[in-house]
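What follows is a short report on a single structure.
Just so it is clear, none of the values below were taken in a lab; they were calculated from the coordinates. Since the model is a prediction, treat every value here as computed from it, not as a measurement. In this analysis, Cβ positions are derived from the backbone assuming ideal geometry, glycine residues included, and neighbour counts consider all displayed protein chains.
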Amino acid sequence: ASVGQLIEAGDVILTIEAMKMETAIRAERSANVASLLVSVGDNVDAKDLLVEFSSAK
């Protein structure tokens, strides 16, 4: 996903890799991507905020 992009329920927002396994993170509902708080290659912890959304218009 990219900032400003409208995503629909079920769309892949980002992919997380752990122990050489990839997991797709999907949107639960429609929204606009307000900001991406991580970049490719960043290490993240379980409770890190990765993406912020705004209401779909």
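So in segment 10-43, with the set limited to residues that are in a loop (DSSP other than H, G, I, E, B) and free of Cβ contacts under 8 Å to residues at least 12 places away in the same chain, which one is surrounded by the most Cβ atoms within 10 Å (Cβ to Cβ)?
First pass over segment 10-43, keeping only residues in a loop (DSSP other than H, G, I, E, B): 10-11, 19-20, 27-30, 37-43.
Cutting the leftovers down to free of Cβ contacts under 8 Å to residues at least 12 places away in the same chain gives us 19-20, 39-43.
Working: Met19: 4, Lys20: 5, Ser39: 6, Val40: 6, Gly41: 6, Asp42: 9, Asn43: 6.
Selected residue: Asp42.
Give segment 35-47 a look and list any residue that's within 18 Å of Val12 (Cβ to Cβ) and among the charged types (D, E, K, R), or say none.
Matches in segment 35-47: Asp42 only.
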